[in-house]
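Asks: The structure under discussion is supplied below as structure tokens; questions concerning it will follow.
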Amino acid sequence: MDAIEVHELKRRYAQGFEAVRGVSFSVPPGEVFALLGTNGAGKTSTVELLEGLARPSAGRVRVLGHDPYGERSRVRHRTGVMLQEGGFPSELTVAETARMWAGCTTGARPPAEALGFVGLAGRREGVRVKQLSGGERRRLDLALALIGRPEVLFLDEPTTGLDAEGRRGTWDLVRRLRDEGTTVLLTTHYLEEAESLADRLAIMRAGRIVAAGTPEEITATRPSRIRFTLPEGVDAGRLPPSVPTEVRGRRVEVPTDELQQTLLALLRWAEDHDLELPGLDARSASLEEAFLAIAGGPEDPDGAAADVRHTPADTTKTEVPA
């Protein structure tokens, strides 16, 4: 049995706007599944249905074999949820917050253990929630999502506000949880994060899934590329005719669906002419390139700007609830 099953899921808001338009996917136990999309694509609206926070307008969703909305009591204690913002009482200390959460959770792990997982052991006593940095609050959110030993873990933008070290630590923890059998459904705008963590992913656009597969399968839909600078004294007309090139000034870019063969032909040409190729760089397409092409580039058809993050930022971003 899959840990998560979604079939023709739809969600329509009171104003008539259909945020989720027939989404289907499944996630087996012990897999990290990433749900990607621009703002307004429908990710948060979909995840809220999986968490049992609302009833679908149509379609079917099952988490651990149960309806997360209609059979909430059979699902809730077996899942962990990390929202974009926790909203915990600011005057409580970190330890008090964790103890309070553990007291409301069936089969809770010791609060100190959960806080230790996320590097907050040294901030437990005497530090109030309001005194935590944005990144530390995200780590507290994650600790409390883990306190019930969840079989399915929902992570909504888990590393927003974390520095590079905190982000890598969270990635290591997610991998550890997956290896121990926890199913993880992740939403993120950090495409490096999705590429690093996800066993499979789906890209949403305007309420529908428009691409799904492993990160490698998604990136394979885009061409690889080779870049270099023309050597001094070499005209672009001397480039091998078998290698399709795009020349801008002295910079040469070679798009290709056969990276190894194309690179080999280019290197043989350079060797035959006793040339070095300055700045030679050959690589497969990135998930970011594939995402931008699939999800609609900088702006999707409904006018929602893509929010693709390249570097960590100590800010908190709120998803458009659609």
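Rundown of residues vs (1) within 15 Å of Thr183 (Cα to Cα); (2) under 23 Å from the mean Cα position of the chain (by Cα); (3) without any contact (Cβ under 8 Å) to a residue 40 or more places away in the chain, yes/no style:
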site: Leu53; (1), (2), (3): no, yes, yes
site: Arg60; (1), (2), (3): no, no, no
site: Asp67; (1), (2), (3): no, no, yes
site: Leu83; (1), (2), (3): no, yes, no
site: Ser90; (1), (2), (3): no, no, no
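Asks: Oh, and also: Which pairs do you get when a residue that is of a type in the set (Gly, Ala, Ser), found in region 8-32, comes within reach of a residue that is in a loop (DSSP other than H, G, I, E, B) and open to solvent by 20 Å² or more (accessible area, probe 1.4 Å), reach meaning Cβ atoms under 6 angstrom, with the pair 6+ apart or on two chains?
Replies: Note: pairs meeting the criteria are Ser26/Asp2; Gly30/Gly181.
Asks: Could I ask something else about it? Run down Leu35, Leu115 and say which single residue is open to solvent by less than 20 Å² (accessible area, probe 1.4 Å) and assigned to a strand (DSSP E or B).
Replies: From the options Leu35, Leu115, the qualifying one is Leu35.
Asks: Among the residues of region 124-136, which ones are within 17 Å of Glu165 (Cα to Cα) and open to solvent by 50 Å² or more (accessible area, probe 1.4 Å)?
Replies: Within region 124-136, just Ser133 meets the criteria.
Asks: Here's a follow-up. Quick one: which residue in Leu140, Leu155 is open to solvent by less than 10 Å² (accessible area, probe 1.4 Å), among the hydrophobic types (A, V, I, L, M, F, W, C) and touching a residue at least 60 places away in the same chain (Cβ under 8 Å)?
Replies: Just one listed residue meets the conditions, Leu155.
Asks: Next question. Would you mind finding the one in Val252, Val184 that is open to solvent by less than 40 Å² (accessible area, probe 1.4 Å), in contact with a strand residue (DSSP E or B) (Cβ under 7 Å, 6 or more places away or on another chain), over 28 Å from Pro150 (Cβ atoms) and of a type in the set (Val, Ile, Thr)?
Replies: Matching residue, one of Val252, Val184: Val252.
Asks: Do we find a residue being part of a helix (DSSP H, G or I), hydroxyl-bearing (Ser, Thr, Tyr), open to solvent by less than 20 Å² (accessible area, probe 1.4 Å) and at negative phi anywhere in region 94-104? Even if it seems obvious, please write down each step before you answer.
Replies: Taking region 94-104 as the starting set, the residues that turn out to be part of a helix (DSSP H, G or I) are 94-103.
Then drop every residue that is not hydroxyl-bearing (Ser, Thr, Tyr), which leaves 97.
With the extra rule that they be open to solvent by less than 20 Å² (accessible area, probe 1.4 Å), the set shrinks to 97.
Among the residues that remain, those that are also at negative phi are: 97.
Yes, the conditions are met somewhere in region 94-104.
Asks: Continuing with the same structure: What number of residues within region 187-208 satisfy the criterion of being open to solvent by 50 Å² or more (accessible area, probe 1.4 Å), modelled with pLDDT of 95 or more and either of a type in the set (A, V, I, L, M, F, W, C) or more than 14 Å from Arg21 (Cα to Cα) (or both)?
Replies: Of the residues in that region, 2 qualify.
Asks: In the set Thr187, Thr214, which member is within 20 Å of Val81 (Cβ to Cβ) and either free of Cβ contacts under 8 Å to residues at least 60 places away in the same chain or of a type in the set (Ser, Thr, Tyr) (or both)?
Replies: Thr187
Asks: Being in a helix (DSSP H, G or I) and either touching an Asp or Glu at 6+ places or on another chain (Cβ under 9 Å) or more than 18 Å from Leu287 (Cβ to Cβ) (or both) narrows it down to one of Thr170, Thr159, so name that one. Give the steps one after another, and end with the answer.
Replies: On the way: Thr159 fails: in a helix (DSSP H, G or I).
From the options Thr170, Thr159, the qualifying one is Thr170.
Asks: Which pairs have Cβ atoms under 6 Å, sit 6 or more apart or on different chains, and link a residue in region 103-118 that is closer than 19 Å to Arg168 by Cβ to one that is at pLDDT 90 or above and open to solvent by 60 Å² or more (accessible area, probe 1.4 Å)?
Replies: Val118/Arg139
The values are calculated or read from the model by the stated rules, or taken from the named source; none is laboratory data. Quick caveat, the model's predicted, so the values are computed rather than measured. Neighbour counts run over all protein chains shown; Cβ positions are idealised from the backbone, glycine included. Side chains are part of the model used for accessible areas, which takes the heavy atoms of the whole protein and leaves out ligands, DNA and RNA. Shrake-Rupley method; radii C 1.70, N 1.55, O 1.52, S 1.80 Å.
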